[in-house]
1. Could you report the range B:24-142's accessible area per residue, 1.4 Å probe, as an integer in Å²?
2. What is the log10 of I(q)/I(0) for the range A:1-129, computed with the Debye formula using one identical point scatterer on each Cα and no solvent, at q = 0.10, 0.16 Å⁻¹?
3. For the range A:1-61, with only Lys/Arg (+1) and Asp/Glu (-1) charged at the beta-carbon, what is the dipole magnitude about the Cα centre, in debye rounded to 20?
4. Residues with amide H under 5 Å of residue A:103's amide H, sequence separation 5 or more or different chain, H placed in the peptide plane at 1.01 Å from N; which?
5. Name the long-range amide H neighbours of residue A:47: under 5 Å, sequence gap of 5 or more, or other chain; modelled H, no Pro or chain starts.
6. Please list, in order along the range B:7-18, the HN-Hα scalar couplings obtained from phi with the Karplus expression 6.51 cos²θ - 1.76 cosθ + 1.60 (θ = phi - 60°), rounded to whole Hz, x for Gly and Pro.
7. Probe radius 1.4 Å, ligands and nucleic acids left out: can you give me the accessible area buried at the B-A interface, summed over both chains, in Å² to the nearest hundred?
8. Between residue B:153 and residue A:11, what FRET efficiency follows from the Cβ-Cβ distance if R0 is 22 Å, with the result rounded to 0.05?
Amino acid sequence: MSECLFCGFIEKKANMIFEDEKTFVMLSPQPFSPGHVVVMPKKHAPILDAVPDFVVGDLFKIANKVCVAVFEVLGAHGTNVLVQNGVAAGQKHNHAMVHVVPRMENDGLQIGWEPKKAGEEDLSTMELRLKEETKSVGIFESEKQKPIEIEKPKERPAEDIRVKHIKRIP
Amino acid sequence: MPEDEEQQCVFCHIASGKIPAKKVFEDDKVTAVLDINPAAPGHILVLTKEHVAIMPQMSDELIAHVGMIAKQLGSTVLRGLNVEGASIFVANGMAAGQRAPHFMLHVIPRSADDGIALQPSDIKVDEKAMKDIWQKLAAGVAKQFGKEPPQVSKPIVEGKSQEKSAPKPEAKKPEKGSDLDSITDFLTGGKK
């Protein structure tokens, strides 16, 4: 745990914007733009893939609320919501997070890509290939019910002779 | 959202299946199709069936659903296409790179040095400015949840001390189109 920089931030509640039982929201200490916020699971997970589905749902729900706040209080013109899954996708830290990046007109941030031409045949091949792989998509893992804790009955003092009398089956 | 806007929205028609597309996944809330102008092979667009222009118009339930689908499609791409990474990306508003008046979430297969710019570098931030933003955002987010904002202290800033290599902003004029304009209005404070 202590190996992870962001687990450390969560522990210290560094730059905290919001938290609930499973998630932690902080102002990014390494911002892409002013007001860059990261939304993370409290439980350590190296990539989004390792975060349970129901927590991912929460992360996006909270990221969306952060977007609204970014528009309202920072007067941003736009937001980018970004997850970098893997080093090749730009992930820098060993803790899964959803980035909310406030954007302004002509802010000079280089975010985007050059659209490529794709041939009809390539697209069809890809469609078939991915369709095969998405069969399990949409089946979500839900939170396991916590075991209900029933308070153990306290040790009763030796029964009073009068009570004993009452409980006696006639 | 006016009804005729919905009827004219190409992405609504793609999501509903009226316009054919390379569909890789569908359920009652979303349709996932291949981008015909992909950033990389296997680039998926997740479209909501309900006409939503930007994320903040979505219900908690819908965005949570879209997020979970995005995670699973990301995993699908990682395993199924054997790529090194997967980016999940949303642009809300033209300033953020949104091109169409319908919400879409991108799932993009990634490989090292693929030239896709979804890893912006850190900017240098002033501690005082950061604290001010922190305070504002903590209050703004707390309001969204109907809670008290957390205490704000000295912000942790671990930005690299490198100067931000400010790329030349391209003064792109917004394309003509009333749909996009109305979204921009929405984003710039002409709140509904």
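The values are calculated or read from the model by the stated rules, or taken from the named source; none is laboratory data. All of these numbers come straight from a predicted model, not from anything done at the bench. Neighbour counts run over all protein chains shown; Cβ positions are idealised from the backbone, glycine included. Accessible surface is based on the protein model in full, side chains and every heavy atom, while ligands, DNA and RNA are left aside. Shrake-Rupley method; radii C 1.70, N 1.55, O 1.52, S 1.80 Å.
1. Heavy-atom accessible area per residue stands at 32 Å².
2. -0.38, -0.84
3. In total the dipole reaches around 160 debye.
4. For residue A:103, whose amide H was placed from the backbone, the distant partners under 5 Å are A:77, A:78, A:79, A:80.
5. A:96
6. Ordered by residue, 3J(HN,Hα) equals 5, 8, 7, 4, 6, 5, 5, 5, 4, 7, x, 5 Hz.
7. In total, chains B and A hide about 7800 Å² from solvent.
8. For residue B:153 and residue A:11, the calculated efficiency is 0.90.
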